[in-house]
Every structure is written in C-alpha cells, then in structure tokens.
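Student: First the structure, then my questions, so here it is.
The values are calculated or read from the model by the stated rules, or taken from the named source; none is laboratory data. Predicted model only: the values in this text are computed from it and were never measured. Here the Cβ is made from the backbone with ideal geometry for all residues, glycine too, and neighbour counts use every protein chain on show. Keep in mind that these areas ignore ligands, DNA and RNA; they rest on the heavy atoms of the full protein, side chains included. Shrake-Rupley method; radii C 1.70, N 1.55, O 1.52, S 1.80 Å.
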Amino acid sequence: GAVVSQHPSWVICKSGTSVKIECRSLDFQATTMFWYRQFPKQSLMLMATSNEGSKATYEQGVEKDKFLINHASLTLSTLTVTSAHPEDSSFYICSAPGWRATGYTFGSGTRLTVV
Amino acid sequence: SQQGEEDPQALSIQEGENATMNCSYKTSINNLQWYRQNSGRGLVHLILIRSNEREKHSGRLRVTLDTSKKSSSLLITASRAADTASYFCATALGTGTASKLTFGTGTRLQVTL
C-alpha cells in the first residue's frame with residue numbers, strides 16, 4: 001500500500017534556529033501533500049496544502065514566512081520551521097491522498113521541541 | 001474552526017466490550033473517514049464512507065452515516081487492548097482525490113484487560 005516516510009521523527013532545536021521536516025511518498029507520486037500540526041491531546045489542524053511545482057496554499061492564520069513549504073518533486077515535500085520559538089513546539093504530520101476509497105496516508109509525525 | 005465534534009472525548013471499556021464513538025459535522029460532505037492514532041504516532045486510515053452510503057463494515061469495525069443529521073458513528077466490536085488509541089473522524093468537502101480533510105476533536109479510547 002501507499003507509504004509516506006517522514007523524517008525526523010523527533011528533533012530538539014534552539015530558539016532562533018530553523019528545522020526542516022521531510023515527507024516522502026515511497027511507492028507512489030504525490031502531487032499534493034498536506035501538513036498538519038497537533039498539540040497534545042488535541043486534534044489535527046491543517047496548516048497548508050503543498051502542491052508539486054507551485055506555491056503552497058496556507059490556511060488562515062498560518063504564517064507562510066515562518067512555515068516554508070517546498071514541493072519540488074512528485075515524491076518529496078518539506079516543511080521548514082524558520083526562526084523557531086518555544087511556541088512552535090508541536091507534533092507535525094504530513095499526509096498524501098490515497099487511491100479513491102483508500103483514504104489518506106499519513107507520515108509517522110515529527111515531534112519538534114524548541115528550547 | 002473544527003469541522004467535527006466527537007463524543008465521548010474519552011472512553012474506557014474492558015476487553016471484549018463494544019466501543020461506540022460519534023461524530024457530528026457542520027457542512028455537506030463528499031465522504032467521511034475514520035482514522036486511528038496511537039500515542040505519538042501518525043494516523044492510520046480505518047474506513048471511508050461516501051455521502052450516498054449509510055453503513056459500512058470492515059472486520060470488527062462498523063461505520064454508519066446519517067447525512068440528514070450530519071452525523072456518523074464508529075462501532076468497534078469485541079474490543080482488544082491493542083485498540084487503545086485516539087480515533088478521529090475526518091470529512092472531505094470536495095469531490096477531488098486531493099480534497100482537504102477536516103478532523104473532528106477525537107475520542108481517546110482505553111481498553112483494559
């Protein structure tokens with residue numbers, strides 16, 4: 001079945017630094033990927049839609065200059081958290097649409113801690 | 001704002017019992033999906049039900065959809081300790097294969113031995 005590989009699974013960084021999270025579709029091409037953010041014991045909030053070869057579409061309230069999304073190929077989308085601050089600490093998850101009735105495939109998530 | 005509300009927020013049952021989770025949503029949908037999330041992990045797709053379907057089964061899972069009430073339910077029969085996880089409903093508004101999903105608030109299920 002469709003697999004999305006997300007790396008790293010966890011990262012700790014200092015305030016002010018940038019962190020890149022990668023999502024790769026391993027056995028299928030994903031022209032679209034979605035990036036979510038999840039706080040502890042809460043639901044997933046869609047941050048942006050990543051489109052291969054074009055600019056990402058950001059949800060209202062998400063700073064596009066802070067959360068840079070690049071979808072340069074049909075199998076790779078990246079999310080870069082720039083100038084990270086402690087309030088950016090969260091669980092970030094990517095997903096890609098699956099085939100018709102198979103639902104969406106999710107990466108395993110990245111736990112970001114900014115200290 | 002969240003599209004869906006789920007109840008209960010938390011559910012604790014014993015192994016062998018059935019677990020029922022409910023999801024309500026606000027707007028018309030193309031399909032509704034249920035996902036499971038183990039702690040600190042990504043989501044796993046469980047089942048998809050289209051807006052013109054009323055009930056769907058997959059193994060020990062049974063999903064119903066009532067579009068007139070804008071609600072869905074997930075029933076897990078004969079629960080096991082391994083079913084302990086958070087369960088989310090998600091709605092797709094568009095008809096395309098790359099429609100955005102909007103997630104409900106989730107139900108945390110605890111199955112004890």
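Student: For A:CYS13 and A:ALA72, what is the calculated FRET efficiency with R₀ set at 35 Å and r taken between the beta-carbons, to the nearest 0.05? Present the calculation step by step, with values, prior to reporting the outcome.
Tutor: Values: r = 23 Å, r/R0 = 0.65.
The calculated FRET efficiency here is 0.95.
Student: Right, another one. Under a 5 Å amide H to amide H cut-off, with H placed in plane at 1.01 Å, what residues pair with A:ALA56 once short-range neighbours are removed?
Tutor: A:ASN51
Student: Can you flag which of A:LYS14/B:LYS26; A:LYS20/B:LYS69; A:LYS64/B:LYS70; A:LYS20/B:LYS100; A:LYS20/A:LYS41; A:LYS66/B:LYS69 are past 31 Å Cα-Cα?
Tutor: Details: A:LYS14/B:LYS26 40 Å; A:LYS20/B:LYS69 42 Å; A:LYS64/B:LYS70 33 Å; A:LYS20/B:LYS100 23 Å; A:LYS20/A:LYS41 24 Å; A:LYS66/B:LYS69 40 Å.
Table pairs above 31 Å Cα-Cα are A:LYS14/B:LYS26; A:LYS20/B:LYS69; A:LYS64/B:LYS70; A:LYS66/B:LYS69.
Student: Sort B:ARG50, B:ARG41 by accessible area with a 1.4 Å probe, largest first.
Tutor: My answer, sorted largest first, is B:ARG41, B:ARG50.
Student: What Rg and what Dmax come out for the protein assembly as shown when only alpha-carbon atoms are used, in angstroms?
Tutor: 17.5, 51
Student: Now, a different point. Per residue of A:41-50, how many C-beta atoms from partner chains lie within 10 Å of its own C-beta, taken as a mean?
Tutor: Values: counts 6, 5, 14, 11, 3, 4, 0, 0, 3, 0.
For peptide A:41-50, the averaged partner shielding equals 5.
Student: Between A:SER108 and B:ALA81, what is the spin-label point distance in nm, taking each point 7 Å from the Cα along the Cα→C-beta axis?
Tutor: Label-label distance for A:SER108 and B:ALA81, simple model: 2.3 nm.
Student: Can you compute the modelled spin-label distance between B:LEU93 and A:VAL115, with each label point 7 Å from Cα toward Cβ, in nm?
Tutor: Between B:LEU93 and A:VAL115, the label points sit 4.1 nm apart.
Student: Here's something else I'd like to know. Calculate the mean, over all residues of peptide B:35-41, of how many other protein chain Cβ atoms lie within 10 angstrom of the residue's Cβ. Write out the running numbers ahead of the final one.
Tutor: Details: counts 5, 0, 6, 0, 2, 7, 7.
Mean shielding by partner chains, rounded to a whole number: 4.
Student: Roll a 1.4 angstrom probe over the protein heavy atoms and tell me the percent of accessible area of chain A that is carbon or sulfur.
Tutor: Working: 3090 of 5750 Å².
That fraction is 54 percent.
Student: Go through A:HIS85, B:HIS57 and list them by solvent-accessible area, largest first, probe radius 1.4 Å.
Tutor: Working: A:HIS85 80, B:HIS57 120 Å².
The ranking, largest first, comes out as B:HIS57, A:HIS85.
Student: Using Cα positions and a limit of under 18 Å, work out the aspartates and glutamates in reach of B:LYS56, with same-chain residues fewer than 8 apart set aside.
Tutor: Reachable aspartates and glutamates: B:ASP66.
Student: Suppose R0 equals 22 Å; then what is the FRET efficiency for B:ARG50 and B:THR27 from their Cβ-Cβ distance, rounded to the nearest 0.05?
Tutor: Details: r = 16 Å, r/R0 = 0.72.
Rounded to the nearest 0.05, the efficiency is 0.90.
Student: Need the full-extension length gain, A:ASP27 to A:TYR58, defined as separation in residues times 0.36 nm minus the C-alpha distance. One decimal, nm. Can you show the working numbers first?
Tutor: Values: separation 31, 0.36 × 31 = 11.16 nm, distance 2.64 nm.
Answer, rounded to one decimal: 8.5 nm.
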